[in-house]
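Let me begin by presenting the structure, written as structure tokens, before commenting on it.
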Amino acid sequence: MSAVTGERPPSAAGVPRRPGRRSAPPRPVWEEAPGRAGLAGKGAVLAVACLAVLFPLWIVVVTSLSTKRTISEAGGLVVVPRDITFIAYQELLGGGQVTRATVVSLGVTVVGTLFSMTVSVLCAYGLSRIGSVGHRWFLLTLLATMFFGAGLIPTYLLVQSLGLTDTYLALILPSAVSVFNILVLRAFFMGISQELTDSARIDGAGDWRILWQIVLPLSRAVIAVITLFYAVGYWSAWFNASIYLSDQDMMPLQNVMIQLVQKQEPPVGLGQAIRAGELSALAVQMAVMVLALLPVAFLSPFVQKHFRKGMLTGAVKG
């Protein structure tokens, strides 16, 4: 004991300890950081997947750029490029039916996408306002159309009664709106802060101004994704043209490609070139496939960054 105070000096055992770091619970095997073998395995799997996707595209492009002699020597599809020529693309884009079909597909895609996005955005914004008139009834009606349809024959009779057969509107209106896309947009719009729209309404902004200056700028990700969905749908569509159009000059690119791939009678200019031995029918088929893939392959990288944010947020919120 201390002679002065009579108190026992503090011992080492009495000094308070700093709480030690608790050991982390063991993680499952699949959450552990991969080793060298795991990284090598992942790289090998990704390489095989990329090769499985790119190799067929390589064959299509190389065959479309090959001469008739090279295709004959290869016995069909060409893997190793030799004697590269652009004669197939020159014939296709020389002002014939394929060129006209490409213009038709581009026009239908642009006009149809604008119309579909306008209707979908307006419908989704209206349904995202819970207190709007007839909100529940309209929502249930849209949901019912996802599970029940009239069928092909009633749809054809409706298009025919409206006088839309043999018109380009028949390629747009029957498939103009997707209920799934509307629901994704609605879920995203409902996730926008209500306080933000309320403050704008207090400042005197109406629904049109709120939609144009607040909702749409905050929804660029989901807008980009849904726009790509509609554009790819219109560009790849062929069924509506096959049942609603009878004029061969109005056919879009996909229908012309089907005719070439099925080895039906090719367009006039191409048929003469093929019969004269100047062009291979297989090269023409592959070239048309390349033309059909170009728009999607060009637009996808620009929209890819929005896919995760647009689809996941729109599917979860609301």
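The values are calculated or read from the model by the stated rules, or taken from the named source; none is laboratory data. Predicted model, so just to flag it, every value in this text is computed and none were measured. Because the Cβ atoms are built from the backbone with ideal geometry, glycine has one as well, and the counts that use them run over all protein chains shown. Ligands, DNA and RNA are excluded from the accessible area calculation, which covers all protein heavy atoms including side chains. Shrake-Rupley method; radii C 1.70, N 1.55, O 1.52, S 1.80 Å.
For region 145-157, which positions are in contact with a Phe, Trp or Tyr (Cβ under 9 Å, 6 or more places away or on another chain) and open to solvent by less than 80 Å² (accessible area, probe 1.4 Å)?
TYR156, the sole residue that qualifies.
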Could you pull out the residue among LEU169, LEU122 that is out of contact with any strand residue (DSSP E or B) (no Cβ under 9 Å at 6 or more places or on another chain), farther than 22 Å from ALA241 by Cα, at pLDDT 90 or above and among the aliphatic types (A, V, I, L, M)? LEU122
Checklist (1) at pLDDT 90 or above; (2) open to solvent by less than 30 Å² (accessible area, probe 1.4 Å) applied to GLN160, failing item: (2)
Which pairs turn up if I take residues in region 189-207 that are touching a residue at least 12 places away in the same chain (Cβ under 8 Å) and look for partners that are in a helix (DSSP H, G or I) and open to solvent by 60 Å² or more (accessible area, probe 1.4 Å) with beta carbon separation below 6 Å, at least 6 apart in sequence or on another chain? ILE192/LEU218
In the set LEU106, LEU114, LEU93, the lone residue that is within 15 Å of PRO252 (Cα to Cα) and exposed (fewer than 15 other Cβ atoms within 10 Å of the Cβ) is LEU93
Any pair with Cβ under 7 angstrom, 6 or more apart, that starts in region 226-249 at a residue that is touching a residue at least 40 places away in the same chain (Cβ under 8 Å) and ends at one that is outside any helix (DSSP H, G or I) and open to solvent by 50 Å² or more (accessible area, probe 1.4 Å): LEU245/ASP166; SER246/ASP166; ASP247/ASP166
Within region 165-203, residues open to solvent by 20 Å² or more (accessible area, probe 1.4 Å), of a type in the set (A, V, I, L, M), in contact with a helix residue (DSSP H, G or I) (Cβ under 6 Å, 6 or more places away or on another chain) and over 19 Å from THR118 (Cα atoms) come out as ILE192
Subset of region 132-144 (residues that are surrounded by 12 or more Cβ atoms within 10 Å (Cβ to Cβ), outside any loop (DSSP other than H, G, I, E, B) and not aliphatic (A, V, I, L, M)): HIS135, PHE138
Quickly run through region 67-90 and pick out the residues that are touching a residue at least 40 places away in the same chain (Cβ under 8 Å), in contact with a helix residue (DSSP H, G or I) (Cβ under 6 Å, 6 or more places away or on another chain) and open to solvent by less than 50 Å² (accessible area, probe 1.4 Å). ILE71, ALA88, TYR89
